[in-house]
Every structure is written in C-alpha cells, then in structure tokens.
Amino acid sequence: MQNIKPGLTLLSDALEIAFFEVPVAQHVEERPLTDCYGAVLREDVMAGFSVPSVDNSAMDGYAVRFADLATVDGTMPVVGTSLAGHPYSGTVPEGTAIRIATGAAVPDGADCVIIQENVIADQDEAGIEIAGDVIARTRRHQNIRWAGEDIKKGDVVLRAGMVLRPQDIAIAAGQGRASLKVARPLRVAVFSTGDELAKPGDPLPPGGIYDSNRFAMIGMLRDIGCQVTDLGLLADDFDVLATAIGDAAQNHDVVMTSGGVSVGKADLLKPVVDKLGEITAWKLAIKPGKPLMRGRIGKCLVIGLPGNPVSVLVSGLLYVLPLLRHMMGAERSWSEPVRIPVRAGFDFQRGTGRREWLRARLIQTDDGEFEAVAFSSTSSGMLSSMVWAEGLIEIPENCGKLSKGDQILYLPLRGLQ
C-alpha cells in the first residue's frame, strides 16, 4: 500500500483526472509537409497505392529466369536493360538476362536477380558468364522486393494522435501527400512572478535574482510546438496579476506561470484564479514540484508551476507537457516517458510519501553494464543540476531506501521533451 501524505495527489491520478477534465482542442489546420515536423496528426493517413508499386530489384545485377540457370552453357546473352523509372518492356526471352539497376522493375518472366559482382560481363556487356558455384547458391526470387512488401494499398500508414517525426513525414510524402491535417498550435501566455526577480540584461538589485524559469517554460512549450506569448515579469500584486491573467485568458488556450502557487503571503496566483475562475487541482505527491496548480478561467487552462527552477523543469516535463499534448490530440502513448531499468550506482535514503526524481546520468562500469549516478544534491533550487543531468531517476512513493546495485528506473531527459 502506498503511503501518500494527506492532501496530495499521485502524479498518475492527477494526469488521469486532467486528461478527463481538460478537453482536446478542436482546432485543426492543414499544413504543407515541411511545416508538420513535431505537430500532432489529426487524421488517419491511408495508403493510396502499394509500396513498392511493382516487383523491383534489391541490387544492381542481372534479372534472369531461375529455370534457365540449370542449362547455362558458357555465355548468357544480355538482351536489354531495366532502370529505375525506365523499365524493360516485354517478357524476358528464355535463356537471356536483363541488366537491372537497384529499384528498377523486374521484367515479366524473370524471377531472380544475380548481383553484378557474381558474374563476368564481356567488354560490351552483351553477355555474362555465371560460374557454377554462383548458380548453386542462387535461389528463386533472390534479390527481389515484391510489390506491397512495405505498404499495401488501403493500409493505415499514419494514425491520428501521432507526434510527427521526420520518418512519418517521409512516409506521407511517399504516398504523394503534400499536406496533412494537424493540431493548431496551442496559444500559451507565459509569465513569472516575484518581486525579487530581475530581467536578464538589467542591473541586479541587492538580494535579487535573475528570472530563469520563464525561459525554461518557453523552451519546453516551443519544443512541443506551442505558440508562446511572453508576458515577462509580473509584480506580486493582486490587481496586477488579476488584470494580466484575465486579459491573457481571453485570447489564449493556456496561461502558465512559475511562482506564487504556495501558501506564503506573496503567493497570490491561487486567490487570483479563484476570483476569476476556479482551481481544479493543487498539490501533487511529487518531489520536486509539489505546489503545482491547475485551474481554468472560462475556457482557458491555467497552470501554476512552483518557483524553484528544478521543480519547474521536472513538473513541466512530467505533468504539463503530457497534458498539453493531450489538448492537441496526441495519443497517451506519445506522452508516456521512457523508463529504462538500470542499476543504482549509489546509496540513498529518504522519507516516503511522494514520488521523487533525482537528477542523474548513466555511466558504463567495467563489466559493461550501465548504472545511474545521482547529482550530489537534491535541492530543487540548483539549476546547474539539470544542466549536468542527462536523465532522471524515479523513486516510487513507498520506497525509502536505495542501495548501490538495486534496480531502478531511469528516464532520459531527451525522451521527455
């Protein structure tokens, strides 16, 4: 039984609830293929024709009738050529060969291809000699790619809900598609709060810090194709926040901020959203990132991330990005992080009750196995740890102790973005 602290919600439960409560945006647009990389596909793509469209050669060589090989005596005449896009017309005469290029259509009558390295062609390539051992090794249908071997007409080659990768765009292009229906980018307004924050490039006041969280949020959002409006820094003032958030909610799908979601005197985001709309979720059983808020103002989703930079990145990667991909119509499988079982290269002890992610990277040991090593500190204020890290170690809610050599789950950061 998991020992969850009162008032906190499991990340898995929080995502299930959010996926149920937050609707998929209905905005779909048709874009040229070159503008579809990283977009969420909103239509099934069917194959209009088979690939290959005809039987073709997998190698450069000579197309022959397999049955003729048993009677080859001396030179086999070469009576034609089949090139990609320029097939040999007619049927291969018995006892002859056709010079054929990779990807070229296999002529009628031929049922195997002998690669060019395995024959001896005369000077003008009017004939070829095939050694007995080559004939003995040759099989019917050798080096032939069959029509429909890759894709058959009517197959679903791409399914709605995919996040389109270069290979997906390529297969659409291979079916003659010049454009695809994809999700319109979510319009997301982003800002940071905190009177202690300064804008990079401005003088740093005594006791102040430069705002870094906003740049992390913008980067994560752009990585998944969102259209971001940067509202900059907002003061810890109820009226200022209420005006800015209320205005942004009118023409954005999402408003996202860092800071102001805890219970301190200057944490004003919750009361502002309570006044303008409603809070729908707060406080997750995760570390870092516990004070995470989800709410809405009209149809606009409002997400409040914690103020510590590591909390922003971890909760953003594991909660916010899956939720926003859901809003764009992505299937759940495209939001699930990759979890790789590896060995722990360290000892660790902690209190239970929250799922925790340690910043980590993999090293290869002398026995060839990979083990994960953790950053020296678990502080959520150390942004340098996320620069050092290449992944996260996931520690379940009821696990209080790790020993070197234990099997653990490692989440590569690249797979979360």
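Dividing the alpha-carbon Rg of segment 304-393 by 2.2 N^0.38 Å yields what? Present the calculation step by step, with values, prior to reporting the outcome.
Numbers: Rg = 14.9 Å, N = 90, 2.2 N^0.38 = 12.2 Å.
In units of the globular-protein estimate, segment 304-393 measures up at 1.23.
Label-to-label distance, Asp133 versus Asp202, with points set 7 angstrom from Cα along the beta-carbon direction: 8.0 nm.
Largest mean-square fluctuation among Thr96, Thr193, Thr243, in a Gaussian network model of the chain whose springs join Cα atoms under 10 Å apart, belongs to Thr96. Taking the Cα centre of each part, how many Å lie between segment 276-352 and segment 365-417? When both Cα centres are located, 17 Å separates them.
Looking at segment 17-83, the chymotrypsin sites (Phe, Trp or Tyr not before Pro) that sit in a DSSP loop and have at most 16 other Cβ atoms within 10 Å of their own Cβ are Tyr37, Phe49. Accessible surface of Lys152 in the full protein assembly, 1.4 angstrom probe, to the nearest 10 Å²? Ignoring ligands and nucleic acids, Lys152 comes out at about 120 Å². Derived scalar couplings between HN and Hα for segment 351-365 equal x, 8, x, 9, 6, 10, 10, 9, 6, 8, 8, 9, 10, 9, 8 Hz in order, rounded to whole Hz, by the Karplus curve 6.51 cos²θ - 1.76 cosθ + 1.60 (θ = phi - 60°), x for Gly and Pro. For segment 238-355, DSSP calls about 60 percent of its internal beta bridges antiparallel. Under a model in which nothing but the beta-carbon of Lys, Arg (+1) and Asp, Glu (-1) is charged, segment 332-417 shows a dipole of about 340 debye around its Cα centre.
A Cβ-based charge dipole, computed about the Cα centre of segment 187-325 with Lys and Arg at +1 and Asp and Glu at -1, lands at about 620 debye.
Using only side-chain charges placed at the Cβ, +1 for Lys and Arg and -1 for Asp and Glu, the dipole size of the chain relative to its Cα centre rounds to 1720 debye. Considering all different alpha carbon pairs of segment 1-138, the Kirkwood hydrodynamic radius works out to 20.0 Å.
For the pair Asn398 and Asp122, the difference between a 0.36 nm per residue extended length and the Cα-Cα distance amounts to 91.7 nm. Of all beta bridges that DSSP places with both ends in the chain, some 65 percent have antiparallel geometry.
Between Ser376 and Ala58, the C-beta separation translates, for a Förster distance of 41 Å, into a calculated FRET efficiency of about 0.15.
Expressed in Å, the radius of gyration and Dmax of the Cα atoms of the chain are 30.5, 97. Selection among Leu41, Ile115, Asn56 by position relative to the dipole of segment 24-136 gives Leu41 as farthest towards the positive end (Cβ unit charges, Cα centre). Each residue, Tyr37 and Val338, gets one label point 7 Å from its Cα in the Cβ direction; the gap between the two is 1.9 nm. Computed over the chain with a Gaussian network model linking Cα atoms closer than 10 Å, the most mobile of Leu180, Leu197, Leu69 is Leu69. Available extension along the chain between Lys181 and Gln250 is 22.3 nm, counting 0.36 nm per residue and deducting the alpha carbon span. In terms of Cα atoms, the Rg and Dmax of segment 85-239 work out to 31.4, 92 Å.
Here segment 1-142 carries DSSP beta bridges of which approximately 75% are antiparallel, counting only pairs with both residues inside. Which residue fluctuates most in the GNM of the chain (Cα springs below 10 Å): Val72, Val163, Val373? Checking each option, the largest mean-square fluctuation is seen for Val72. Size descriptors for segment 260-367 (Cα atoms only): Rg and Dmax, in that order, 17.1, 60 Å.
What list of whole percents do you get for P(r) of segment 74-164, with Cα-Cα distances grouped in 5 Å bins up to the one holding the largest distance? Histogram of Cα-Cα distances, whole percents per bin: 3, 11, 19, 22, 16, 8, 5, 5, 4, 3, 2, 0.
Simple spin-label estimate for Asp274 and Ala170 gives 5.5 nm between the two label positions (7 Å along the Cα-to-Cβ direction from each Cα). The simple Förster model, with R0 at 41 Å and r as the Cβ-Cβ distance, assigns Ala235 and Ala84 a FRET efficiency of 0.05.
The accessible area of His27, taken with all protein chains in place and a 1.4 Å probe, comes to roughly 90 Å².
When the pairs Lys199/Lys283; Lys287/Lys401; Lys270/Lys290; Lys275/Lys299 are compared against a 20 Å limit on Cα-Cα distance, Lys199/Lys283 fall above it. Here is how the number arises for the chain: DSSP H runs of 4 or more residues each give -39500 (n - 2.57), the sum is divided by the residue count, and the result at 222 nm is -5000 deg cm²/dmol.
The values are calculated or read from the model by the stated rules, or taken from the named source; none is laboratory data. This is a predicted model, so every value here is computed, not measured. Methodologically, a virtual Cβ is constructed for each residue, glycine included, from the backbone with ideal geometry; neighbour enumeration extends over all protein chains shown. When the accessible area is computed, the model is the full protein with side chains, heavy atoms only, and any ligands, DNA or RNA have been set aside. Shrake-Rupley method; radii C 1.70, N 1.55, O 1.52, S 1.80 Å.
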